[in-house]
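**Q** Please read through the structure below; I'll follow up with questions.
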Amino acid sequence: MTTTTDKATTPVPAPKSTRGRFGRTPRPTEPVGTNATMAGSKQSSRWWLYGILSLCLVAVVAPFAWMVLGSFKSEGELRQTPPTWWPHSASLDNYTQLFSRLDFGTYFTNSIVVAVAVTAGNLLFCSMLGYALAMLDFKGKKALFSIVMATLMIPGVVTFVPLFVLVANAGLIDTLPGLILPFLVSPFGVFLMRQFISGLPRDLLDAGRVDGAGELRIFARIILPLCGPALATLGILTFLGSWNNFLWPLVVAQSEKTYTLPVALALYSKGQNSTNYGLLLAGATVVVIPVLAVFLAFQRKFIEGIATTGIK
Amino acid sequence: MAATSEVTTRGEADPTGRPPRGGTAKSRRGGAFGEGRAAWILALPFCLLFLTFTVWPVIQSLFMSITDTRARDLKTPFAVDIVGLDNFTKALSDDQFLQAARNTAYFVLVGVPLTLTMALAAAVVLDRGITKLRSVFRLGFYLPVITSIVAVAVVWRFLLQEDSGLINTVLGWFGINGPNWLGDPNWSMPALILMASWRNFGTAMIIFLAGLQAVPWMLHEAAAIDGAGAWQRFRHITLPMLRPTILFVSVTTGIGYLQFFEEPFVMTNGGPLNSTISMSMYTYKQFGFGNYGYAASLSYIIFIVIAVVTAIQFRLLREKD
């Protein structure tokens, strides 16, 4: 964690709280990468470590590789014993069926709309409150922060039933707002933004005030532009969380027009298509590939985020 | 809210609800109240959504848990009979719920140590053992974490098939006759634990890697000079220094695993013979049957279990001084 913070090319000082999160101060002098050239360590012992790691890597990644390859196979080939690895005759049949017969285009759009809306809401609202909690003085601040933090510990299953009743009474069952509204803000987002903004110099605030800027303008024009790293982390985590969210959409989305991708895939894998293996593998690939792309594009930021917050 | 009333009594409230802008000396002097009002304006959207979709449901859930609310009471959530703690006593004598509790305990007691061991082993090797390709391995091991459980379930159901599954095929190369993983009540839970560990160890690994950065390098060098082997250094330097990280990871993993739901839901539907039904999943089933009051009380039982287990972990793993 300390290394990732040090390496980050941001001009902004890292938030205090990310340092020594686990109760100790970072080693200030030791550069990364020298770890392995340890006194008295045996270079000869390394190759087998690489061997074991590679085997593990294969075991971890193989299911994904098999999924993607399988999505190009014919039904007959998928049922062969023993299973094949490379497709004998690769075809896009499964994908064309997915989008023509099963309407995966709609589910894909729904997933995108929900994930983008949820992400935008979290970025905006959580940074607003995060800034207020970190930089401003107001009555009820301590109480508000305590309540928000307390809910971090409450498992989702506790709010599930009343939340469903609430959304049902508001007439939002089977609508996209019903999928979006309950997730627009998160205590975790507030925590993350507050921690980051606390690390920014307070002089910024005073400088803005001297220049006559109002508090909201200071937030929008001075603070927010400096929050890039924290916003990136929160944005990626929220997007992936929303994209993969399963239980709530399963209950609220009740017709094909509001299904998200995971819901559609889960229902098809249990319904009449449950024996259509090629279709299911193609569906799984469509669910996984976008997050894979987002992840690969931002993985550095992402892993920094995990390391500093500890929450996926 | 308090800030607003203060503002009004001081007679300086801006009727537009916007914070004062421009004025130099005045806004400096009035900074305290302008600040308070601006803070609440910034906090307002969050607070409204948060009160509606988090705080209110938590309170209502507590109320529901002592009532006999059913699906037909949806429109009038407060016109129901209060039954006191009946739901809770009913849960404690509900065979299926007790079975679900045992399954959850099995999943947590085997799954958490397995996940943490895999994560720690990977983190230590990546941190100290190798110099090249570190980020490639880190990335690869983290991949399962970001993928949808539903997609993972589709793939793993194939991998776990009895005859043509990849896993049993590989076991066959070593002369092992693999079991019917998801069809055999004795093997269904191990299969889910295996899958959950595969899927989740990446998160723990990343946090361990961060924690390992805080282990002072000099201690290792000094111990190596004194003739301590790799295992001894791990046992007596790395592990004790990592204690806070291990606590953190075991608590977060434990909380997640105690709520495990999606794996059995998409893989086995709780079967065969209820061997993989979990507490969360049983709660969801009761919700599905329309027993809202009972489901709410079950969810509070899960909450209490999580709080107790977390407290125990803190006791066992907190730093000794």
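**Q** For A:135-147, what's the mean count of beta carbons from other chains sitting within 10 Å of each residue's beta carbon?
**A** So the per-residue partner count for this stretch is 5.
**Q** Something else now. With springs connecting C-alpha atoms under 10 Å apart, model chain B as a Gaussian network and identify which of B:138, B:102, B:72 has the largest mean-square fluctuation.
**A** Answer for the Gaussian network model of chain B: B:72.
**Q** Which shape class, rounded, prolate or oblate, goes with chain B when its Cα gyration tensor gives a ≥ b ≥ c as root eigenvalues, a/c under 1.5 marks rounded, and past that a/b bigger than b/c marks prolate?
**A** Oblate.
**Q** Sequence-distant or interchain residues sharing an amide H contact under 5 Å with residue B:67, placed H: which?
**A** B:83
**Q** Give me B:275, B:188 sorted ascending by neighbouring Cβ count inside 10 Å, so fewest comes first.
**A** Neighbour counts put them in this order, fewest first: B:275, B:188.
**Q** Under the rule of -39500 (n - 2.57) per DSSP H run of 4 or more residues, summed and divided by the residues of chain B, what mean residue ellipticity at 222 nm is obtained, to the nearest 500 deg cm²/dmol?
**A** My calculation for chain B gives -21000 deg cm²/dmol from helical runs alone.
**Q** Sorting A:292, A:234, B:51 on the 10 Å Cβ count, fewest up front, what's the list?
**A** Listing A:292, A:234, B:51 from fewest to most nearby Cβ atoms yields B:51, A:292, A:234.
**Q** For the stretch B:252-321, which semi-axes, largest first and in whole Å, follow from the square roots of 5 times the eigenvalues of its Cα gyration tensor?
**A** So the equivalent ellipsoid measures 28, 16, 8 Å along its semi-axes.
**Q** Name the residue farthest towards the positive end of the dipole of the stretch A:161-265 from the options A:167, A:213, A:251, assuming +1 on Cβ of Lys and Arg, -1 on Cβ of Asp and Glu, about the Cα centre.
**A** Working it through, the farthest residue towards the positive pole turns out to be A:213.
**Q** Please sort A:131-143, B:171-183 by packing, taking for each peptide the average over its residues of neighbouring beta carbons within 10 angstrom, highest first.
**A** With the highest mean Cβ count within 10 Å placed first, the list reads A:131-143, B:171-183.
**Q** In whole Hz and in residue order, list the ³J(HN,Hα) couplings for the stretch B:64-71 that follow from phi through the Karplus curve 6.51 cos²θ - 1.76 cosθ + 1.60, θ = phi - 60°; x for Gly and Pro.
**A** 4, 5, 9, 10, 9, 3, 10, 4
**Q** Still on this structure, please answer the following. Fewest Cβ neighbours within 10 Å first, please rank B:35, A:215 accordingly.
**A** B:35, A:215
**Q** Kindly flag which residue pairs out of A:73/A:270; A:270/B:285; A:270/B:90; A:142/A:301; A:141/B:75 have an alpha-carbon separation exceeding 26 Å in this structure.
**A** Exceeds cut-off: A:270/B:90; A:142/A:301; A:141/B:75.
**Q** I've got another one for you. Which chymotrypsin sites (Phe, Trp or Tyr not before Pro) from the stretch B:82-154 combine a DSSP loop assignment with at most 12 other Cβ atoms within 10 Å?
**A** Nothing satisfies the criteria.
**Q** Gaussian network model of chain B, Cα springs within a sub-10 Å range: biggest mean-square fluctuation belongs to which of B:60, B:161, B:232?
**A** In this elastic network of chain B, the residue with the biggest mean-square fluctuation among B:60, B:161, B:232 is B:232.
Rule-based calculations on the coordinates, nothing more; no lab input. Just so we're clear, the structure is a prediction, and the values are computed from it rather than from any experiment. Don't worry about glycine lacking a Cβ; one is built from the backbone with ideal geometry, like all the others, and counts go over all protein chains shown.
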